Amino acid sequence: MLVTQVYFCQTTNLNRIIDSENGILVSEVEITQLQNDSTFTSNTGFFKIKTSGLYTFNKEGYILKTLKLNPQNNYVVKLQKQPNALNEIVINASHLPMELKASTSSVSLVSSKAIERANTVNINEALNRVPGVFMQTGALNTNRITIRGVGSRNLFGTSKIRAYFKDIPLTNGSGETSLEDFELGALSRIEITKGATSSTYGAGLGGVIRLLPKTSSFNSTGFENETSIGSFGLFKNLSQINYGNASNSYKLVYSNTKSNGFRENNDYKRHALTLNTVHKLNAKNELSILGTFSDLKAFIPSSLNETDFANNPESAAFTWKQSRGFEDTKRGIIGISLIHKFNEKLEQSTSVFMSFRNSYEPRPFNILDETVFGYGLRHRITGNLTVNDKKINWTSGIEFFKDNYKYQTFENLYEDFPEANSSIKGVALSNFKEKRYYYNLFFEGRYPVTSKTDVVFGINYNKTSYNLDDKFPVSSTNPNESGSFDFKGLVSPKLGVLYRASTALTIYGNISHGFSPLSLEETLLPNGQINTNLNPETGWNFEVGTRGYAAKNRLQYTVAVYRLAIKNLLVARRTSQDEFIGVNAGKTHNDGLEAEINYTFTNSKDLQLSAFGSYALHLYKFKDFIDDNSDFSGNDLTGVPQDVLNLGLDFSSKVGMYGNINFQHVGKMPITDSNSLFSESYSVSNIKIGYQNTLAPKLRLNAFLGVNNIFNTAYASQILINATGFGNSAPRYFYPGNPLNYYSGLALNYSF
């Protein structure tokens, strides 16, 4: 009986191969037993061994690893990515099992290393290194992200770009996205697909941003605490707890961030909690749970006119300072996902999720009180089949969610009670309940035409509708705005081609269609009726690009040229201080060039030294653009810099020293549609140095110091396009960027 038990253990042990950074299973790993030189491949990330000995684990893009293994034990093998590897494993927007170098779209990856190059307070520095992506930051809670110019005309916040936290939609039913509520320290990477090429994630006109949370490694338990302090009263405490056994992993991240801000009325406080768990139910089923909660209170300094921006950038806009305007927001998301593998050729993934957002925002012109509760489902099937000895990969599925949005506005009586030095809630001005429905069906497949050429075809069908219930009493000054708006179904196809010119060079191209939905607020007319003549913005993306290696793989590069042709351009025409109506005003041609480069000078055990750079040229023009009686055709697209250049240097050493320095140049930017006013170009440099080492077998130290805006450049970190002055006040176009500032921190990691 004893002999039988030992034999049983030797033949049924189940081991795993995971990515050391995020704990995700790594498939297609070549395993060699050195004693007898036998080799086999782990297709799924699981493997078994029958004899003791030395084993090597080899996969392109990862560092070769050698371990001594015994079949009587279970192992979790952690593979570390090659620094700056071009072909890091990416589950790109098509969710097909391919690597970055095999994508027919322009896909960029922001790794945890790139995020950690700066402090983990603001995501903008990491995102702005990606060519084609531009994030403007007026304050920690005031941001706008554009991809290839899409979203630049949104006055407040990010719109027309789809975003996901793992497989959970972050974009609401009106196409608006807020990424600043999420804790950067909880992210393992950010995946960005640029242009209307993501058929499996809604075919958004600008592209898709996916946030991937950190995952605890299996058979690993530990605790980490990081405390940072910095300029303008910055304080941040970040705590992480990891626990894992052979079948389960848990990661809990908590952060507490405070800042007084560079400007008046700029205090910021946020608590954030993120939980990510993964459970291997058996060899065919994996369950994961993702939850996040944030509690934010941030005061709003708002934008400044040209005179105050130049002479008194620390000041807040007068009315926002007088009313002590702020936002108090609580936001939560919970999602459960199940992955079931039928066999080697078929797999399904199902996610159900719920989210809420409660916000109270006193503003000079009124007080906004709003709540959002949403829920939905995303189901996807991924498979492959062989036809004439050719393997065809495909994925298809459905995504559905519903938002219940309630919002009220009230008078702000701060002018009647100046001694209070704060906003005072008055009588109700409006009361709405809005239901927003969104679903899309998608399919995408890859067919290998030859050994060197792949063709990718995708299609997305979207349906969006709104229902508005006006609960405010009807009067001569308050018409009933209740009604429904149902978009026609939109079909968005995609066709991509990939050609492998050599093992070191690939060339790709794609033609794809995308759209941006209208918000219900944009469809409302001043008389309370819904404008059924409005159309959503739609466009075609045309792109060719190349990726490759050179100089014995030390040099890695990507280059892409594209045109994003958009029609039915939506203009938010201001009718009063807090009222806008939407108007389809014309077309744009967003022509651009994007390039990224990484060069590794040395990658030895003693020293790793590499350089990176990126450049984006934006030749964005209004093709046909008539707004009211003004013809702006031929002008530069408002709110997008003419070009953006990033350069940087990274190093780390055996003794524990590490650091990076980076430089960013942002070209001038049109502020008005008439192009009568441009922001000035500017350049900003940042540096960070640190020391990390093992103090004891299970205790690791990381101390760092960073300086941002080394040369104290005065610049506008965000622009409010086409601003209008009310009364005798000048238009407030500019959000001042932070001057020279520093941060420092200390982190301790204890592994049980």
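Which members of region 424-467 meet the condition of being of a type outside the set (Val, Ile, Thr), in contact with a Lys or Arg (Cβ under 6 Å, 6 or more places away or on another chain) and either assigned to a loop (DSSP other than H, G, I, E, B) or within 22 Å of residue 508 (Cα to Cα) (or both)?
Hits for region 424-467 are 448, 452, 454, 458.
When residues of region 484-517 are filtered for being farther than 21 Å from residue 202 by Cα and either in contact (Cβ under 8 Å) with a residue 60 or more places away in the chain or part of a strand (DSSP E or B) (or both), how many remain?
Count: 10.
Residues to consider are 302, 255, 259; find the one that is touching a residue at least 60 places away in the same chain (Cβ under 8 Å) and under 20 Å from the mean Cα position of the chain (by Cα). Let's see the steps before the verdict.
Values: 302 fails: under 20 Å from the mean Cα position of the chain (by Cα); 259 fails: under 20 Å from the mean Cα position of the chain (by Cα).
Result of the check over 302, 255, 259: 255.
Residues to consider are 198, 178; find the one that is among the small types (Gly, Ala, Ser) and crowded, with 23+ Cβ neighbours inside 10 Å.
Only one candidate passes the filter, namely 198.
May I ask you to list the residues in region 13-70 that are touching a Ser or Thr at 6+ places or on another chain (Cβ under 7 Å) and among the acidic types (Asp, Glu)?
Within region 13-70, 21, 28, 30 meet the criteria.
Give, as residue ranges, the strands (runs of 3 or more DSSP E) completely inside region 684-742 that count at least 3 residues that are aliphatic (A, V, I, L, M).
Details: elements: 699-708, 716-719, 734-736.
It comes to 699-708.
From the set of residues in region 116-169 that are assigned to a loop (DSSP other than H, G, I, E, B), among the hydrophobic types (A, V, I, L, M, F, W, C) and free of Cβ contacts under 8 Å to residues at least 60 places away in the same chain, which is nearest to residue 743 (Cα to Cα)?
156
Which one of these does residue 644 not meet: (1) modelled with pLDDT of 95 or more; (2) over 25 Å from the mean Cα position of the chain (by Cα); (3) of a type in the set (Val, Ile, Thr)?
Every listed condition holds for residue 644 apart from (2).
What are the residues in region 543-560 that are buried (at least 16 other Cβ atoms within 10 Å of the Cβ) and touching a Gly at 6+ places or on another chain (Cβ under 8 Å), if any?
Correct list: 543, 545, 556, 557, 558, 559, 560.
Within region 403-414, is even one residue part of a strand (DSSP E or B), farther than 30 Å from residue 365 by Cβ and touching a Lys or Arg at 6+ places or on another chain (Cβ under 9 Å)?
The first filter runs over region 403-414 and keeps only residues part of a strand (DSSP E or B), leaving 403-412.
Of the ones still in play, those that are also farther than 30 Å from residue 365 by Cβ are none.
No, region 403-414 contains no residue that is part of a strand (DSSP E or B), farther than 30 Å from residue 365 by Cβ and touching a Lys or Arg at 6+ places or on another chain (Cβ under 9 Å).
Conditions (1) under 28 Å from the mean Cα position of the chain (by Cα); (2) aliphatic (A, V, I, L, M); (3) within 30 Å of residue 714 (Cα to Cα); (4) assigned to a loop (DSSP other than H, G, I, E, B), marked per residue:
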{"residue": "289", "(1), (2), (3), (4)": "yes, yes, no, no"}
{"residue": "294", "(1), (2), (3), (4)": "yes, no, no, no"}
{"residue": "320", "(1), (2), (3), (4)": "no, no, yes, no"}
{"residue": "333", "(1), (2), (3), (4)": "yes, yes, no, no"}
{"residue": "338", "(1), (2), (3), (4)": "yes, yes, no, no"}
{"residue": "369", "(1), (2), (3), (4)": "yes, no, no, no"}
{"residue": "393", "(1), (2), (3), (4)": "yes, no, no, no"}
{"residue": "401", "(1), (2), (3), (4)": "yes, no, no, no"}
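Consider residue 603 carefully, then state whether it is in contact (Cβ under 8 Å) with a residue 60 or more places away in the chain, outside the structural domain of residue 131 (by TED's automatic domain parsing) and within 24 Å of the chain's Cα centre (by Cα).
For residue 603, the condition - in contact (Cβ under 8 Å) with a residue 60 or more places away in the chain, outside the structural domain of residue 131 (by TED's automatic domain parsing) and within 24 Å of the chain's Cα centre (by Cα) - is not met.
Taking the condition in contact (Cβ under 8 Å) with a residue 24 or more places away in the chain, buried (at least 16 other Cβ atoms within 10 Å of the Cβ), of a type in the set (Val, Ile, Thr) and not assigned by TED's automatic domain parsing to the domain that holds residue 168, does residue 221 pass?
Yes; evaluated as a whole, the condition is true for this residue.
Mind listing whichever residues of region 190-212 are assigned to a helix (DSSP H, G or I) and out of contact with any Phe, Trp or Tyr (no Cβ under 6 Å at 6 or more places or on another chain)?
Within region 190-212, 201 is the sole residue that qualifies.
Looking only at region 201-216, count every residue that is buried (at least 24 other Cβ atoms within 10 Å of the Cβ) and more than 11 Å from the chain's Cα centre (by Cα) and tell me the total.
6
Go over the candidates 251, 166, 236, 194 one by one and state the one that is over 30 Å from residue 105 (Cα atoms), in contact with a Pro (Cβ under 9 Å, 6 or more places away or on another chain), not polar (S, T, N, Q) and not assigned by TED's automatic domain parsing to the domain that holds residue 75.
On the way: 166 fails: over 30 Å from residue 105 (Cα atoms); 236 fails: in contact with a Pro (Cβ under 9 Å, 6 or more places away or on another chain); 194 fails: over 30 Å from residue 105 (Cα atoms).
None of the other options fit; the residue is 251.
Report whether or not residue 67 is crowded, with 16+ Cβ neighbours inside 10 Å and either modelled with pLDDT of 85 or more or not in a strand (DSSP E or B) (or both).
no
Take the conditions touching a strand residue (DSSP E or B) at 6+ places or on another chain (Cβ under 9 Å) and at pLDDT below 85 and apply them to residue 261. Does it pass? Full working, then the answer.
Numbers: touching a strand residue (DSSP E or B) at 6+ places or on another chain (Cβ under 9 Å): yes; at pLDDT below 85: no.
Here the answer is no, as residue 261 does not meet what is asked.
Go through region 311-338 and report how many residues are of a type in the set (Val, Ile, Thr) and surrounded by 21 or more Cβ atoms within 10 Å (Cβ to Cβ).
1
For residue 370, state whether it is over 30 Å from residue 405 (Cα atoms), touching a residue at least 24 places away in the same chain (Cβ under 8 Å), in the same structural domain as residue 409 (by TED's automatic domain parsing) and not aromatic (Phe, Trp, Tyr).
no
Scan region 218-246 for residues that are part of a strand (DSSP E or B) and closer than 13 Å to residue 121 by Cα and report the count.
The initial filter retains those residues of region 218-246 that are part of a strand (DSSP E or B), namely 222-230, 234-244.
From what is left, the residues that are closer than 13 Å to residue 121 by Cα are 226-230, 234-238.
Of the residues in region 218-246, 10 are part of a strand (DSSP E or B) and closer than 13 Å to residue 121 by Cα.
For region 28-59, which residues satisfy the criterion of being in a loop (DSSP other than H, G, I, E, B) and surrounded by 13 or more Cβ atoms within 10 Å (Cβ to Cβ)?
Correct list: 28, 44, 45, 48, 49, 51, 52, 59.
Test residue 342 against the stated conditions and say whether it is touching a residue at least 24 places away in the same chain (Cβ under 8 Å), assigned by TED's automatic domain parsing to the domain that holds residue 736 and in contact with a strand residue (DSSP E or B) (Cβ under 7 Å, 6 or more places away or on another chain).
no
The values are calculated or read from the model by the stated rules, or taken from the named source; none is laboratory data. In this text the structure is predicted, and so the values were computed from the model without any measurement. Note: ideal-geometry Cβ built from the backbone for every residue, glycine included; neighbour counts use all protein chains shown.
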